[in-house]
Structure formats: structure tokens, C-alpha cells
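Scroll down for the structure; my scribbles are underneath it.
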Amino acid sequence: MTPYMERALERARSVKGRTSPNPAVGAVLVHEGEIVGEGATRPYGQAHAEPVALQAAGERARGATLYVTLEPCAHMGRTPPCAGAIVDAGVAEVHLATLDPNPAVAGRGRAWLEGAGIRTIVGEGQSEARALNEDFARWITTGRPLVSAKFASSLDGRIATHSGESRWITGSEARAEVHRRRDQVDAILVGVNTVLADDPELTTRLEGEGRGRAPQHPWRMVVDSTGRTPPAARLVHPDLPGRTTIFTTERAPAEWCAAIERGGAELCVLPQHGGRVDLQALVEEAGRRKVTSLLVEGGATLHGALFDAGLVDHVMAFVAPLIIGGAGAPGAVGGAGARLLANAHRLEGVEVRRFGADTLISGYVRRVAWPEMA
């Protein structure tokens with residue numbers, strides 16, 4: 001990979017979590033071996049990466065080579081099509097890391113450029129670019145977010161002791177990685193049992209790792225079918241940064257609903273499935289609200305229900321080198337589970353990383369489909 005595409009990917013990573021529901025894209029313009037302009041996608045409704053780079057380059061864009069991490073858009077959205085801006089600027093050649101999975105683009109941006117006589121080269125940095133925007137690809141092609149199940153467990157698979165103690169199974173380095181992930185996702189989802197047990201805030205704390213930018217606090221979401229979230233819970237408090245939505249059913253008492261809304265959280269009543277919130281309806285509702293990435297932080301009941309419903313795309317399992325034991329200690333994933341090993345969820349694309357003494361094992365239950373390169 002050229003250093004120019006590496007730089008474009010670096011710019012894209014720098015805005016991950018700040019552009020949704022648009023993808024995070026980086027662009028670099030090079031003329032005679034010199035970078036003359038670069039940019040990254042700005043927050044939703046503002047300029048995409050290519051116009052930012054073109055504006056920085058000015059007249060030096062004419063005859064230059066553009067390196068961009070995603071195919072330029074070819075349709076009018078909240079901003080004009082980037083492919084047209086590239087043509088108008090007189091760019092001579094464009095390197096595209098990958099085609100756009102958006103059905104409104106999907107090769108049309110490249111065709112626009114080539115129709116104007118601009119040479120295009122596709123594939124440099126493709127795997128990195130696709131990994132960066134896999135959540136966007138899932139959302140734009142299916143209307144639902146990429147669902148990641150995250151949990152921390154002991155070596156014997158427990159997420160708490162039999163008395164309910166769970167802080168902290170993993171060390172500070174693993175917990176810091178969780179906050180880095182929170183900084184890049186649209187929303188966090190937990191079950192009401194997690195709220196009752198831990199009273200979490202579900203905010204982002206980067207502790208000086210935010211690269212000079214304020215942390216992003218993802219949309220907090222709670223599954224509470226019968227109205228058990230205390231109105232005094234910390235994630236309901238109106239002074240907490242970000243927003244909170246509690247998904248419930250018609251089984252929730254009216255007085256509880258009123259108390260939650262007075263506290264500053266939003267209520268969303270969804271259909272029931274087996275007496276509980278229909279999780280398929282929840283995921284679809286999140287997608288309608290332009291949530292492209294949903295990080296599920298537990299607990300075991302919610303994780304199990306999502307796996308049983310076939311709604312999990314990705315898994316992040318932090319494993320700590322300790323044994324908790326105890327027949328009454330909860331495991332990481334509840335639900336009905338697999339009756340046969342052949343029916344178990346086997347991960348693909350597995351990666352293993354160390355964070356202090358802890359190990360992160362991540363992988364995919366279901367891969368994201370991208371368009372084939374022509």
C-alpha cells in the first residue's frame with residue numbers, strides 16, 4: 001500500500017464515530033509526489049472527505065491523483081455528489097480503496113469518473129477500508145445496524161460471582177479498550193438486569209486518549225419489557241451527556257412511564273415476543289433511527305436472546321486469567337442456546353489481542369457483504 005492511501009486511511013480513522021450515518025472516509029490529493037490537499041468526512045449533513053481535500057488543494061488539484069478510502073458518491077443527498085466535484089476540479093487519476101456498498105452508488109461513482117476520462121484504480125487498502133466501515137455497509141444494505149456482542153468473563157466463562165459481584169473481572173487496559181470502542185459506535189444496548197445490578201452511566205471515558213477531541217457518548221439504549229428501570233438510575237439523569245432510550249412494551253405501568261420521561265429519558269413501546277420486547281423490532285427500530293453500529297454490553301439474558309434470534313453479527317469477548325467457579329455464577333450468554341455443537345455459533349475472521357493480562361477474542365457470526373470489484 002502506498003503511503004498516500006495509508007494517510008487517507010489514517011484520516012478516515014480519525015473521524016470514526018463522528019460521521020454516522022455516513023461512512024468515515026479519508027481523501028488525499030497528490031501532485032508530483034507532494035500532498036497538496038487532504039480531508040476527512042465531516043459530521044452528518046456537512047462536507048464529505050473529497051470536497052474537503054479539493055478545497056484544501058485549490059488549483060493544485062488540477063492534474064493531481066486522488067487517494068480515497070471509499071468510492072465517491074454519485075447522487076444528491078444532503079451534499080452534492082462528490083464524483084462531480086472531482087471531475088470539475090480536473091483530477092487526473094483516482095485510487096479507490098473499495099467500491100461503495102450503498103445501492104445508490106455501487107459503482108456509479110467510479111463510472112462517472114471514468115466517463116469523464118479520469119483513470120480509476122480500485123483495491124488498494126481494500127480490507128482496511130472495508131473493516132473501517134463495516135457498520136455502514138450493514139446498515140445501508142439491510143436497514144439494520146451492525147450488532148456487536150461484548151462481554152468480559154473469567155476463564156471458566158463467568159461474568160460475575162454467585163453473589164453478583166462483577167467489578168472488575170478485567171483490568172484497566174481492557175476497560176480502556178471498551179471505552180475506545182464506545183467512542184466509535186452509535187449506540188450501546190443493555191438489559192434491565194444490568195441496570196439493576198450495576199447502575200451504569202454507559203458514557204465514554206478516554207482519559208487523555210481522545211486525540212485532542214471530546215469523547216463521543218453513544219446513544220444509551222435499555223431493554224426493559226415490564227418497567228423495572230429505577231427512575232433514579234444514573235443513565236436516566238438529564239444531566240448525563242448524550243441521550244437515553246428505554247425500549248419497553250405495553251406491560252409497563254403508566255406511572256413508571258411518566259416517571260422515566262420526567263427523568264429525561266425517552267420511552268419507545270415496541271411489540272412483544274414471548275412477553276418481552278421483540279428484539280427483531282428493536283434492531284429494526286434502531287436502524288430506522290440511523291443507528292449503524294450497536295454495541296451490546298449485556299447482560300447474559302440479553303446476549304442469549306439476541307443469539308437465539310440470530311441478530312448478532314460480531315463478538316468481542318474479553319477473557320481474564322481467573323477462575324470464579326460456582327454453579328450459581330452467571331455465564332456470559334444465556335438464552336436457549338444450541339442443543340448440538342453443530343448448531344453453535346462458530347466465529348469467522350477471529351482475531352486475538354492482549355490488553356495487559358487479559359485477552360480479547362473477536363470475530364464474526366455473520367460477515368458483511370460488499371459489492372464485487374469490476
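The values are calculated or read from the model by the stated rules, or taken from the named source; none is laboratory data. Because the structure is predicted, anything quoted here is derived from the model rather than measured. Cβ coordinates were reconstructed from backbone atoms using ideal geometry, including for glycine residues, and neighbour counts include every protein chain displayed. Protein only, heavy atoms only, side chains kept; ligands, DNA and RNA dropped before computing areas. Shrake-Rupley method; radii C 1.70, N 1.55, O 1.52, S 1.80 Å.
What number, in percent, do you get for the relative contact order of the chain if the mean sequence gap of Cα pairs under 8 Å and at least 6 apart is divided by its residue count?
Once normalised by length, the contact order is 16 percent.
Could you state the number of Å between the C-alpha centres of the range 310-337 and the range 143-167?
The distance from the Cα centre of the range 143-167 to that of the range 310-337 comes to 5 Å.
With each label point set 7 Å from Cα along the Cα-Cβ vector, what nm distance links R243 and A111?
For the pair R243/A111, the computed spacing is 3.6 nm.
When the scattering of the range 138-184 is computed by the Debye formula from its Cα atoms alone, each counted once and equally, what is log10 I(q)/I(0) at q = 0.15, 0.17, 0.20, 0.21 Å⁻¹?
Values, matching the q order: -0.57, -0.66, -0.79, -0.82.
For the pair R366/S127, report the inter-label distance in nm, with labels modelled 7 Å from Cα in the Cβ direction.
Reported label-point gap for R366 and S127 is 2.4 nm.
7 Å from Cα along Cα→Cβ at both R228 and R339: what's the point-to-point distance in nm?
Here the answer is 2.8 nm between the modelled labels.
For the range 180-272, what is the convex hull (Cα atoms) projected area averaged across all directions, in square nanometres?
Dividing the Cα hull surface by four gives the mean projection, 6.1 nm².
Could you list, bin by bin from short to long, the percent of Cα-Cα pairs of the range 166-321 in 5 Å steps?
With 5 Å bins starting at 0, P(r) equals 2, 9, 18, 22, 22, 15, 9, 4, 1, 0.
Which of the GluC sites (Glu not before Pro) found in the range 234-280 are loop residues per DSSP with 16 or fewer other Cβ atoms within 10 Å of their Cβ?
Answer in residue order: E250.
How big is the range 250-293 along each principal axis, measuring the range of its Cα positions in Å and listing the largest first?
Rounded to whole Å, the extents work out to 31, 26, 12 Å.
Measuring from the lowest to the highest alpha carbon on each principal axis, how far does the range 1-69 reach, largest first, in angstroms?
34, 26, 12
Among 327-337, 3-13, how do they line up by average Cβ neighbours within 10 Å per residue, starting with the highest?
3-13, 327-337
Counting heavy atoms of the protein chains only and a 1.4 Å probe, report the per residue accessible area for the range 164-232 as a whole number of Å².
44 Å²
Leaving out ligands, DNA and RNA, and with a 1.4 Å probe, what % of the accessible surface on the chain is carbon or sulfur?
50 percent
Let me know the Kirkwood hydrodynamic radius for the range 237-374, please, with Cα pairs as the basis and the value in Å to one decimal.
Radius from the Kirkwood sum: 18.0 Å.
Suppose the Debye formula is applied to equal point scatterers at every Cα of the range 44-136; what is log10 I(q)/I(0) at q = 0.16 Å⁻¹?
Once normalised to I(0) and log-transformed, intensities are -0.60.
So if I average 1/r over every pair of distinct C-alpha atoms in the range 90-212 and take the inverse, what Kirkwood radius in Å does that give?
Answer for the range 90-212: a Kirkwood hydrodynamic radius of 18.4 Å.
Which label marks the calculated value of semi-axes √(5λ) of the Cα gyration tensor in Å, given the options [x] 41, 22, 19; [y] 32, 28, 17; [z] 33, 24, 19?
[x]
To the nearest 500 deg cm²/dmol, what mean residue ellipticity at 222 nm is calculated for the chain from DSSP H runs of n ≥ 4 alone, each contributing -39,500 (n - 2.57), summed and divided by the residues?
Dividing the helical sum by the residues of the chain leaves -7500 deg cm²/dmol.
Would you give the gap between the C-alpha center of the range 251-288 and the C-alpha center of the range 66-116, rounded to a whole Å?
So the separation of the two Cα centres works out to 40 Å.
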